[in-house]
Amino acid sequence: MFRQKIMKMGNHWDIRYATTEYIYGTEPNFYFKNFIDRHEPGKILLPCEGEGRNAVYAALRGWQVDAFDTSTEGRKKALKLAAEKGVEINYFLHDVFDTNGFEADYDAVALIFAHLHSSNRRRVHRYFSGLIKDGGFIVLNAFAKEQLPLNTGGPKDIEMLYHVEEIREDFNTLHILELVQKKIQLDEGNLHSGWSENILFLAQKSDAI
């Protein structure tokens, strides 16, 4: 039953991505770009990466990129974008709820609009926090619960939207550098367009915690 549900999710995104248009654009997410531009390149993991805009930008800035999604169409477009930009990314098909197969050797994990249902969110978030090396970072931009009535992007299920205190608890083994909710005007293709309620989160693995 669970496997069938994952297949349906993959098919949903395949249908959405099966167009020549990059539905979230080809430019990186602003919060992700800010992180990449301010830190020395290393090895980064991007779950739920979709059409590859963030993975390609990181590669352009010298990062070694691992990325994944359930969508074959998303992967095709990500690899096409990487080829057009003259960079290489390691992009594979993988279920975000399958917390196996990764080694804890990442300098960063970036969760950019990687919305997870409340029934699995904490387990998966804590798994990803365990994949970063000492000194490594978790970067997250997601829609807050207050986004639900807005028509500017994001899931239409309240259980897939986040609250600041939920994120704080999910990553409570890390040193939080930033955790805020902000109203931001997004311009990321047709599906992330206009004023929206965003959670911005940056944390680092530190022995001081």
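The values are calculated or read from the model by the stated rules, or taken from the named source; none is laboratory data. Since we're looking at a predicted model, the values are computed, not measured. As a convention, Cβ positions derive from the backbone with ideal geometry for all residues, glycine included, and neighbour counts pool all protein chains shown.
A few points about this structure:
- Residues that are in contact with a Leu (Cβ under 8 Å, 6 or more places away or on another chain) and in a loop (DSSP other than H, G, I, E, B) were ranked within segment 139-180; the one that is farthest from LEU46 (Cα to Cα) is LEU148.
- Among the residues of segment 85-97, those that are under 18 Å from the mean Cα position of the chain (by Cα) and outside any loop (DSSP other than H, G, I, E, B) comprise ASN90, TYR91, PHE92, LEU93.
- In the set (1) assigned to a strand (DSSP E or B); (2) under 24 Å from LYS133 (Cα atoms); (3) β-branched (Val, Ile, Thr), ILE184 fails one condition alone, (2).
- Segment 98-137, residues that are in a loop (DSSP other than H, G, I, E, B) and within 15 Å of the chain's Cα centre (by Cα): PHE113, ALA114, HIS115, LEU116, HIS117, LEU131
- Flag if ILE167 is among the β-branched types (Val, Ile, Thr) and within 24 Å of PHE30 (Cβ to Cβ): yes
- Taken as a whole, the structure leaves GLY42 outside the set of residues that are at pLDDT below 90 and touching a strand residue (DSSP E or B) at 6+ places or on another chain (Cβ under 9 Å).
- Number of residues in segment 38-77 that are assigned to a helix (DSSP H, G or I), within 19 Å of ASP187 (Cα to Cα) and not β-branched (Val, Ile, Thr) equals 4.
- Positions within segment 152-209 being surrounded by 15 or more Cβ atoms within 10 Å (Cβ to Cβ) and acidic (Asp, Glu), in sequence order: GLU166, ASP170, GLU188, GLU197
- Figure legend. Inter-residue proximity from segment 43-59: first residues in contact (Cβ under 8 Å) with a residue 60 or more places away in the chain and β-branched (Val, Ile, Thr), second residues buried (at least 23 other Cβ atoms within 10 Å of the Cβ) and part of a helix (DSSP H, G or I), beta-carbon distance below 8 Å, spacing 6+ or different chains. Indicated pairs: ILE44/ALA58.
- Residue that is farthest from ASP107 (Cα to Cα), among those in segment 34-87 that are of a type in the set (Asp, Glu) and touching a Leu at 6+ places or on another chain (Cβ under 9 Å): GLU51
- Counting only residues that are modelled with pLDDT under 95 and among the β-branched types (Val, Ile, Thr), segment 22-39 holds 1 of them.
- Pairing residues of segment 121-132 that are within 16 Å of ARG168 (Cβ to Cβ) with residues that are in a helix (DSSP H, G or I) and at pLDDT 95 or above, at Cβ distances under 6 Å and at least 6 apart in sequence or on separate chains, gives ARG122/ASP170; HIS125/ASP170.
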